[in-house]
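Notes to accompany the following structure.
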Amino acid sequence: MTLIKSISGIRGTIGGKVGDNLTPVDAVKFASAYGTFLKNGSGKLEDGKKLKVVIGRDARISGPMIHNLVMNTLLGLGIDVIDLGLSTTPTVEIAVPMEAADGGIILTASHNPKQWNALKLLNAKGEFLSGKEGELILEIAESEAFDFSDVDSLGEITVNDAYMDIHIDEVLDLPLVDAEAVAKRKFKVVVDGVNSSGGIIIPKLLEQMGVKCVKLYCEPNGHFPHNPEPLKEHLGDICKLVIEEKADFGIVVDPDVDRLAFISNDGEMFGEEYTLVTCADYVLSKTPGNTVSNMSSSRALRDITDKHNGSYQASAVGEVNVVELMKKTNAIIGGEGNGGIIYPESHYGRDSLVGVALFLTHLANLDMTVAELRASYPQYYMSKNKIELTPQIDVDAILVAMTEKYKNEDITTIDGVKIDFAENWVHLRKSNTEPIIRIYTEAQTQQLADDLAIRIIDEIKAVAGL
């Protein structure tokens, strides 16, 4: 059982002992810290005016429990709550500024299995908090310097269950989304919603774009039918169903709908790295500009950006880091290679709905299958591996040793260690969300990527004495 406190929020497994897992006490404590952080930064509020926070959750079994605990904690601090109920991460992100709220909380552990849950924290723009703000909230939680409101100053809950529909409307109104062109193609698509909120919102979006939708695992009951991380080894059912249904392609989202993967018409993985590559190719063809992805993402985005005469840059891993660099470089699209699309024309957050709509519009304008589209892009292959952390593993010492070993190569250390070789690369970093070291490699064939990963893992184990 695990509780991970980081600058990006608090994430843990349900049950167990306080401080070791995400128990009700820990949920209340962290919600109190966030509410206190907002109150401390609000200055002097006008008489009678209260802070306002938007809250939504994915369909996890623990969701209603954590949802009620967090909402009522904020009420106790004198903060009003806009309750979206069952929702998605990007839906909450767009709702915060629309409601002129002071912040937002999404209750989701994203791609983690069903025993996990988390509090993901937003600022008044509907964007993730900065590292400095996250550290301050951790300090407040540790000190327990909470000051709850008296009975006449408690917050109130306003329920608003319209935001998934509002979100769909916002996506359909984007200038580069052409629902009419998509409808004319009469696409047939299989959707795996992993029995969470994506099973509601993605089919609704498709239906409004004139796409025939075949639903797979779209009942939002929180019983994930497979590991919810949208990786090839977890997606055998949809790959098979795409072929059986003779569908044009398949769509897979994670439980909170900020990661997007496609299945090609031949039942093969389109590749989550190529979700961003494809959407960027379309956007850049219409509105040339710059792009950003994180250091663990494919070189293919750099190649596509170069093709459209734009400039590509890589950030540290983490959505907040990608967004910060996107703003600095005026990037018109960016994201993460895990299938996260960030399109500022909509908002600065990973959004699977935006990705689906851009992808469909791009495909509608092409005379090719999804498999042919994938084959048209630069061919890179990744190997994503991890080493479970134990108390005796000194991650910092491992990274220092690997930096020294490869000091004559092109090395970047802003986030772990990335070693860029001429034909491939490896990125080593400690995860922000799980007790693991991630080892990502990329090369021009899968075998070369796998071989590089095996070599690096063996070197790490030698350094660590494993």
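The values are calculated or read from the model by the stated rules, or taken from the named source; none is laboratory data. Computed from a predicted structure; not experimentally measured. Cβ atoms come from the backbone with ideal geometry, glycine included; neighbour counts cover every protein chain shown.
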- Query: Which one of these does residue 240 not meet: (1) surrounded by fewer than 24 Cβ atoms within 10 Å (Cβ to Cβ); (2) outside any helix (DSSP H, G or I)?
  - Reply: (2)
- Task: Test residue 377 against the criterion of being farther than 30 Å from residue 458 by Cα, modelled with pLDDT of 90 or more, over 22 Å from the mean Cα position of the chain (by Cα) and among the aromatic types (Phe, Trp, Tyr), and give yes or no.
- Result: yes
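Here is a yes/no grid of residues against (1) out of contact with any His (no Cβ under 9 Å at 6 or more places or on another chain); (2) surrounded by 19 or more Cβ atoms within 10 Å (Cβ to Cβ); (3) part of a strand (DSSP E or B):
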residue: 393; (1), (2), (3): yes, yes, no
residue: 397; (1), (2), (3): yes, no, no
residue: 404; (1), (2), (3): yes, no, no
residue: 419; (1), (2), (3): no, yes, yes
residue: 423; (1), (2), (3): yes, no, no
residue: 449; (1), (2), (3): yes, yes, no
- Message: Suppose the filter is surrounded by fewer than 24 Cβ atoms within 10 Å (Cβ to Cβ), farther than 21 Å from residue 188 by Cα and without any contact (Cβ under 8 Å) to a residue 12 or more places away in the chain; does residue 281 pass it?
- Response: no
- Within the bounds of the range 130-139, is there any residue that is loosely packed, with under 15 Cβ neighbours inside 10 Å, more than 30 Å from residue 221 (Cβ to Cβ), touching a residue at least 60 places away in the same chain (Cβ under 8 Å) and aliphatic (A, V, I, L, M)? no
- May I ask you to verify whether residue 415 is farther than 27 Å from residue 111 by Cα and in contact with a strand residue (DSSP E or B) (Cβ under 8 Å, 6 or more places away or on another chain)? no
- Could you tell me which of the residues 240, 246, 232 is under 22 Å from the mean Cα position of the chain (by Cα), more than 25 Å from residue 171 (Cα to Cα) and among the basic types (Lys, Arg)? 232
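Can you name the residue in the range 406-415 that is free of Cβ contacts under 8 Å to residues at least 60 places away in the same chain and assigned to a loop (DSSP other than H, G, I, E, B) and, of all such residues, is surrounded by the most Cβ atoms within 10 Å (Cβ to Cβ)?
From the range 406-415, those free of Cβ contacts under 8 Å to residues at least 60 places away in the same chain are 406-411, 413; that's our starting set.
Then drop every residue that is not assigned to a loop (DSSP other than H, G, I, E, B), which leaves 406-409, 413.
On the way: 406: 17, 407: 9, 408: 6, 409: 14, 413: 10.
Out of the qualifying residues, it is 406.
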- Item | helices (runs of 4 or more DSSP H) contained in the range 270-344 and holding at least 3 residues outside the structural domain of residue 90 (by TED's automatic domain parsing), among the charged types (D, E, K, R) and under 18 Å from residue 130 (Cα atoms) | 319-329
- Query: Restricting attention to the range 146-175, and to residues there that are among the aliphatic types (A, V, I, L, M), surrounded by fewer than 19 Cβ atoms within 10 Å (Cβ to Cβ) and touching a residue at least 60 places away in the same chain (Cβ under 8 Å), which single residue is farthest from residue 251 (Cα to Cα)?
  - Reply: 154
- Across the range 260-289, the tally of residues that are out of contact with any strand residue (DSSP E or B) (no Cβ under 7 Å at 6 or more places or on another chain) and of a type outside the set (A, V, I, L, M, F, W, C) stands at 11
- Boolean, residue 350 is touching a strand residue (DSSP E or B) at 6+ places or on another chain (Cβ under 7 Å), of a type outside the set (A, V, I, L, M) and either in a helix (DSSP H, G or I) or in the same structural domain as residue 456 (by TED's automatic domain parsing) (or both): no
- Message: Condition first: closer than 15 Å to residue 197 by Cβ, polar (S, T, N, Q) and under 13 Å from the mean Cα position of the chain (by Cα). Now tell me which residues in the range 73-122 satisfy that.
- Response: 88, 89, 91, 108, 110
- Do you know which of the residues in the range 143-187 that are in contact with a strand residue (DSSP E or B) (Cβ under 9 Å, 6 or more places away or on another chain) and part of a helix (DSSP H, G or I) is farthest from residue 208 (Cα to Cα)? 163
- Query: When the residues of the range 152-211 are filtered to those that are in the same structural domain as residue 102 (by TED's automatic domain parsing) and over 17 Å from residue 99 (Cα atoms), which remaining residue is farthest from the chain's Cα centre (by Cα)?
  - Reply: 152
- Of these, 243, 332, which one is at pLDDT 95 or above, over 29 Å from residue 107 (Cα atoms) and either among the hydrophobic types (A, V, I, L, M, F, W, C) or touching a Phe, Trp or Tyr at 6+ places or on another chain (Cβ under 9 Å) (or both)? 243
- Where residue 387 falls short, out of the listed (1) part of a loop (DSSP other than H, G, I, E, B); (2) surrounded by 14 or more Cβ atoms within 10 Å (Cβ to Cβ): (1)
- Message: Restricting to the range 188-234, name every residue that is of a type in the set (S, T, N, Q) and part of a loop (DSSP other than H, G, I, E, B).
- Response: 195, 196, 197, 221, 227
- Say whether the condition of being small (Gly, Ala, Ser) and touching a residue at least 60 places away in the same chain (Cβ under 8 Å) is met by at least one residue in the range 236-250. yes
- Within the range 156-179, restricting attention to residues that are in contact with a Gly (Cβ under 8 Å, 6 or more places away or on another chain) and not aliphatic (A, V, I, L, M), which residue is nearest to residue 341 (Cα to Cα)? 163
- Item | Qualifying positions in the range 370-384 - touching a Leu at 6+ places or on another chain (Cβ under 9 Å), surrounded by 15 or more Cβ atoms within 10 Å (Cβ to Cβ) and over 21 Å from residue 452 (Cβ atoms) | 370, 373
- Message: Is it the case, given these coordinates, that residue 458 is surrounded by fewer than 20 Cβ atoms within 10 Å (Cβ to Cβ), within 21 Å of residue 273 (Cα to Cα) and free of Cβ contacts under 8 Å to residues at least 40 places away in the same chain?
- Response: no
